[in-house]
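Computed from the coordinates by the stated procedures, all read-outs in this text should not be read as laboratory data. Being a predicted model, the structure only gives us computed values, none of them experimental. With ideal geometry, Cβ positions are generated from the backbone for all residues, glycine too; neighbour counts draw on all protein chains shown.
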Amino acid sequence: MSLVEVHNISKRFGETQAVDNLSFEVRPGEIFGLLGPNGAGKTTSIRMILDIFKPDSGEINIFGGKMEEEKKKLVGYLPEERGLYQDIPLQRCLTFLAALKGMSETEIAPRLNEYLEQFDLLEARDKKVKELSKGMQQKAQLITTLIHDPQLVIIDEPFTSLDPVNTEMVKDMLEAKRNEGKAIIMSTHQMNQVEELCDRILLIDHGKRVLYGTLKEIQQSFASQDVMVTPLVDLPESIEGVREIRKTNGRYRLVLEKHAKPNLVLKNLINNGTDLVEFEIAVPPLNEIFIQVVKKQDRGGNG
């Protein structure tokens, strides 16, 4: 059963149609990428899931029914606009925010200590939040999001201000939560993180769904007839069926002639005695797909 079910929701603010007949679902045990350019309707969609906004039409079911106050304690939300109390010590701030999620003091203390140690914030626990760096505040905000062990985690730009070491730590933590069966909705503009983490993605633009499915499905739908090869030695200058050969970092992209087939190119390479480590149909990176689809939508929207 899906943990979040969104059916044909729409939301308008004055003359702006923020979300337009949008449907998707989020399952337990997956990281779901919610993507789109600025102003696409991502944040509005998240706020409707959280019952901050009511949809003008459509329906949202969460944990099998309508959102209720008790269900909100099962959700961890990291908004893009951060919300820590700046003038109190970090430990006091995090303790207070955990209590708002229904945790008792006896539950909070050991779990908070564990998270502070994991995020390398133990020595900063008595400092005022405003005295912490942006990266440290980001880690503190993540603790607030996860400390009550939510079943649904919604995170908006989770890697902001994090260095590479802390980015890897957060990625490992999100993967661990997924493996525990949690559902995670991640909104970010960092396509490389989406490619590494997300099981399925939804790309919205102008409030509408334009791409939806697994990363593999989406990439395959945009795949060309070109192939990527990694040979043990340099390729011959000319290969039957190949119009152009491009070399990048030890790999070759073979741009095929119009009616050439990848399997015949592979056969030709083998017949020529070329030993290959890798041979695969070229698929575009998600960032390239994102740009291509959004530009196409913008051209369509402008007539």
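Helix 286-301 sits at what angle to the longest principal axis of the chain, using alpha carbons and giving 0 to 90 degrees rounded to 10?
90
Mind checking the angle between helix 164-179 and the chain's longest principal axis? C-alpha axes, 0 to 90 degrees, to the nearest 10.
The answer is roughly 80 degrees.
Among 112, 235, 190, whose Cα sits farthest toward the positive end of the charge dipole of the chain (+1 at Cβ of Lys/Arg, -1 at Cβ of Asp/Glu, about the Cα centre)?
Final value for the positive-end residue is 190.
Let me check I have the definition right: for the range 200-303, take the eigenvalues of the Cα gyration tensor, multiply each by 5, take square roots. What are those semi-axes in whole Å, largest first?
Taking √(5λ) for each Cα gyration eigenvalue gives 34, 14, 11 Å.
Size of the dipole of the chain about the Cα centre, Lys and Arg at +1 and Asp and Glu at -1 on the beta carbon, nothing else charged, in debye to 20?
680
Using Cα-Cα distances under 8 Å and only pairs 6 or more residues apart, what relative contact order does the chain have, in percent?
Relative contact order for the chain comes out at 21 percent.
Tell me the label-point distance for the pair residue 217, residue 179, using the 7 Å Cα-to-Cβ offset, in nm and rounded to one decimal.
2.6
Considering the Cα positions of the range 112-182, please state its Rg to one decimal place and its Dmax as a whole number of Å.
Radius of gyration, then largest Cα-Cα span, for the range 112-182: 12.0, 36 Å.
Over 28 Å between C-alpha atoms is what I'm after, so list which of 139/208; 54/128; 101/171; 130/171; 54/296; 130/182 land there.
As for pairs spanning more than 28 Å Cα to Cα, those are 139/208; 54/128; 54/296; 130/182.
Three principal axis extents, largest first, for the C-alpha atoms of the range 85-152, in Å?
29, 19, 19
Please work out how much length the chain gains when fully extended from residue 81 to residue 106, using 0.36 nm per residue of separation minus the C-alpha to C-alpha distance, in nm with one decimal.
Value of the extension gain: 6.0 nm.
Any number yet on Rg/Rh for the range 224-281, C-alpha, Kirkwood?
Result for the range 224-281 is an Rg/Rh of 0.90.
Work out how much length residue 172 to residue 280 would gain on full extension: take 0.36 nm times their residue separation and subtract the Cα-Cα distance, in nm to one decimal.
Using 0.36 nm per residue and subtracting the Cα-Cα distance, I get 36.0 nm.
Work out the FRET efficiency for residue 224 and residue 287 from their Cβ-Cβ distance, taking R0 = 25 Å, and round it to the nearest 0.05.
Using R0 = 25 Å, I get an efficiency of 0.95.
Along the range 7-13, what does the Karplus equation 6.51 cos²θ - 1.76 cosθ + 1.60 (θ = phi - 60°) give for ³J(HN,Hα), rounded to whole Hz, x for Gly and Pro?
Per residue, the Karplus-derived 3J(HN,Hα) values read 10, 6, 7, 9, 8, 10, 10 Hz.
May I ask for the angle, rounded to the nearest 10°, between helix 90-100 and the longest principal axis of the chain, with both axes built from Cα atoms and the value confined to 0 to 90°?
Result, in degrees: 80.
Based on the Cα gyration tensor of the range 145-273, what are the three equivalent ellipsoid semi-axes, each the root of five times an eigenvalue, rounded to whole Å and given largest first?
40, 18, 13
In whole angstrom, note down how far apart the Cα centers of the range 88-135 and the range 43-68 are.
If you average the Cα positions of each part, the centres end up 29 Å apart.
At 37 °C and 0.692 mPa s, grab the translational diffusion coefficient of the range 1-131 from Stokes-Einstein with a Kirkwood Rh over Cα pairs, rounded to a whole number in µm² per second.
191
Out of the DSSP beta bridges found with both residues in the chain, what percent are antiparallel (nearest 5)?
Here the antiparallel bridges make up roughly 65 percent for the chain.
For the range 4-219, evaluate the Debye formula with one uniform point scatterer on each Cα (no solvent term) and list log10 I(q)/I(0) at q = 0.07 Å⁻¹, rounded to two decimals.
Taken in order of the listed q values, log10 I(q)/I(0) reads -0.22.
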